[in-house]
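> Sharing a structure, written as structure tokens. Questions coming.
Please treat every number below as a calculation from the coordinates, not as lab data. Everything quoted here is computed from the prediction, not taken from an experiment. FYI the Cβ positions are ideal-geometry reconstructions off the backbone, even for glycines, and counts take in every protein chain you see.
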Amino acid sequence: MYWRMIFYRNASGKCPIEEFVEDLPSEDAREVVATIAALRELGNKARRPLVDYLEDGIYELRARRFKKQFRVLYTFAGRKTILLLTGFVKKTKSVPAWRINKAKTLRKDYFKRVKGGKNG
């Protein structure tokens, strides 16, 4: 059974994941989309090297094409539901703290607006 995937949208309707994928070259975008599809199938059974836990309920989905590394930060948003928050091309050894903090801010906004403040 597949997991439900929610793409975070801000109050004006912008979706950081869609914008990230649309800005990538087509082959890179296909790799990221395929990796998201793998997460949809595996859900919380996904392990390294596909995913890794960062902190405070934020996970990274890892995609790679040649020497480029792509990351999609996500969290779990209820039973069999994954909330995709933001994506970026990774250029440093570890995920920058500001990227993780951005994901936390988006998660907080999502639960405040969509879930009425309840986490899950």
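> With the condition being among the hydroxyl-bearing types (Ser, Thr, Tyr) and closer than 20 Å to Tyr110 by Cα, I'd like the strands (runs of 3 or more DSSP E) fully within segment 1-90 carrying at least 2 qualifying residues.
So the answer is 68-76, 81-90.
> Considering each residue of segment 60-90, count those that are over 22 Å from Asp23 (Cβ atoms) and aromatic (Phe, Trp, Tyr), and give that number.
1
> Also, I was wondering about something else. Identify all residues within segment 10-57 that are surrounded by 15 or more Cβ atoms within 10 Å (Cβ to Cβ), over 25 Å from Arg79 (Cβ atoms) and in contact (Cβ under 8 Å) with a residue 24 or more places away in the chain; write none if there are none.
Phe20, Val21, Leu24, Asp28, Glu31, Val32
> Can you work out which of the residues in segment 100-114 that are among the aliphatic types (A, V, I, L, M) and free of Cβ contacts under 8 Å to residues at least 60 places away in the same chain is nearest to Ile6 (Cα to Cα)?
Val114
> Would you tally the residues in segment 1-51 being closer than 12 Å to Leu83 by Cα and hydrophobic (A, V, I, L, M, F, W, C)?
So the count comes out to 8.
> Criterion first (surrounded by 13 or more Cβ atoms within 10 Å (Cβ to Cβ), closer than 21 Å to Gly13 by Cα and basic (Lys, Arg)) does Lys104 satisfy it?
yes
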